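I have a structure I would like to understand better, so I am pasting it below and will then ask my questions one at a time.
Just so it is clear, none of the values below were taken in a lab; they were calculated from the coordinates. In this text the structure is predicted, and so the values were computed from the model without any measurement. With ideal geometry, Cβ positions are generated from the backbone for all residues, glycine too; neighbour counts draw on all protein chains shown.
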Amino acid sequence: MLSKRVEEVLNSQVQIEANSSQFYLAMASWAENNGYEGTSEFLYSHSDEERSHMLKLVGFINERGGHAIIPALPKPEETYGSIKDVFKNLLEHEINVTNKINNVVHICLEEKDYTTHNFMQWFVSEQIEEEALARTVMDRLNLVAEDASGMYMFDRDIMGMRNTASNKV
Ligand code: FEO
């Protein structure tokens, strides 16, 4: 059985993951509209992953006797200045998510809820991968020229970066 405090912080995390999914979906749509096919594929798939994180939390909360609350979501930005702008936002967002996950883990320990603490370890590892991936993408963006041919190459190679980053950790 979950304590009220753990249930509440897990429900906040449901909202954060749902928000991430919505946020990346808006980025994907912008990228698709601006001719960045590879980037949009990357972001659509990242959005799906965030939804699966949300569902994992929803399942766990309900299984442990709590009530998973499905939240309303704020509307994300419609447009972005550049691809670099998109990924700068993405990296900052993931760093923030890592802090939130760490806070959930901290509350589990304070509440002596070792079951939820154990469940959350998957998210701790996932955040290491997500941050590594976002940093790999930013490193690549810092190497390519911000002109049409640089962006064309970046957009062509982005799905490959996904695999490289996940092999690194
Ligand atoms: Fe589910 Fe990207 O954090």
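Using alpha-carbon pairs under 8 Å, 6+ residues apart, how would you state the relative contact order of the chain in percent?
Answer for the chain is 27 percent.
Which of G38, G150, G81 ends up with the largest GNM mean-square fluctuation for the chain, with Cα atoms connected below 10 Å?
G81
On a 0 to 90 degree scale, rounded to 10, what angle separates helix 83-110 from the longest Cα axis of the chain?
10 degrees
Among A28, A148, A132, which one shows the biggest mean-square fluctuation in a GNM of the chain, springs joining Cα atoms closer than 10 Å?
A148
Please turn the phi angles of the range 124-141 into ³J(HN,Hα) values with the Karplus equation 6.51 cos²θ - 1.76 cosθ + 1.60 (θ = phi - 60°), one per residue in order, whole Hz, x for glycine and proline.
The phi angles translate into 4, 5, 4, 5, 4, 5, 5, 5, 4, 5, 4, 6, 4, 5, 5, 4, 5, 4 Hz.
Further question: What is the dipole size for the chain, taken about its Cα centre, with +1 at each Lys and Arg Cβ and -1 at each Asp and Glu Cβ, in debye to the nearest 20?
400 debye
Now, a different point. If you take the beta carbon distance between I69 and M1 as r and set R0 to 22 Å, what does 1/(1 + (r/R0)^6) give as a FRET efficiency, to the nearest 0.05?
It comes out at approximately 0.80.
Please work out the Cα center distance from the range 1-79 to the range 91-144, rounded to the nearest Å.
14 Å
Apply the Karplus curve 6.51 cos²θ - 1.76 cosθ + 1.60, θ = phi - 60°, to the phi angles in the range 10-25 and return the couplings in whole Hz, x for Gly and Pro.
Each residue of the range 10-25 in turn: 5, 5, 5, 5, 4, 5, 5, 5, 5, 4, 4, 4, 5, 4, 6, 5 Hz.
While we're on this one: Placing +1 on the Cβ of each Lys and Arg and -1 on the Cβ of each Asp and Glu in the range 4-161, which of V14, M153, N62 has its Cα farthest towards the positive end of the resulting dipole?
Checked the options; the winner is N62.
For Y36, which sequence-distant residues (separation of 5 or more, or a different chain) have an amide H within less than 5 Å of its own amide H, given hydrogens modelled in the peptide plane?
none
Something else now. Computed from the mean reciprocal separation of all distinct C-alpha pairs, what Kirkwood hydrodynamic radius does the chain have, in Å?
Here the Kirkwood hydrodynamic radius works out to 16.9 Å.
Next question, about the same structure. For I95 and E37 in one chain, what is 0.36 nm times their gap in residues minus the Cα-Cα distance, to one decimal in nm?
Additional length available on full extension: 18.3 nm.
222 nm [θ] for the chain, helices only, -39500 (n - 2.57) per DSSP H run of 4+, per residue, to 500?
-29000 deg cm²/dmol
Once both labels are modelled 7 Å past Cα along the beta-carbon direction, what's the N103-L143 spacing in nm?
3.6 nm
Another question about this same structure. Just to check I understand the Karplus step: with θ = phi - 60° and J = 6.51 cos²θ - 1.76 cosθ + 1.60, what whole-Hz values come out for the range 43-49, glycine and proline as x?
6, 4, 5, 5, 5, 4, 4
While we're on this one: For E110 and E129 in the same chain, what is the full-extension length gain: residue separation times 0.36 nm, less their Cα-Cα distance, in nm?
Between E110 and E129, full extension yields 4.2 nm more.
Among all stretches of the chain without exposed GluC sites (Glu not before Pro) (DSSP loop, at most 15 other Cβ atoms within 10 Å), which one is longest?
In the chain, the maximal stretch lacking such sites is 1-76.
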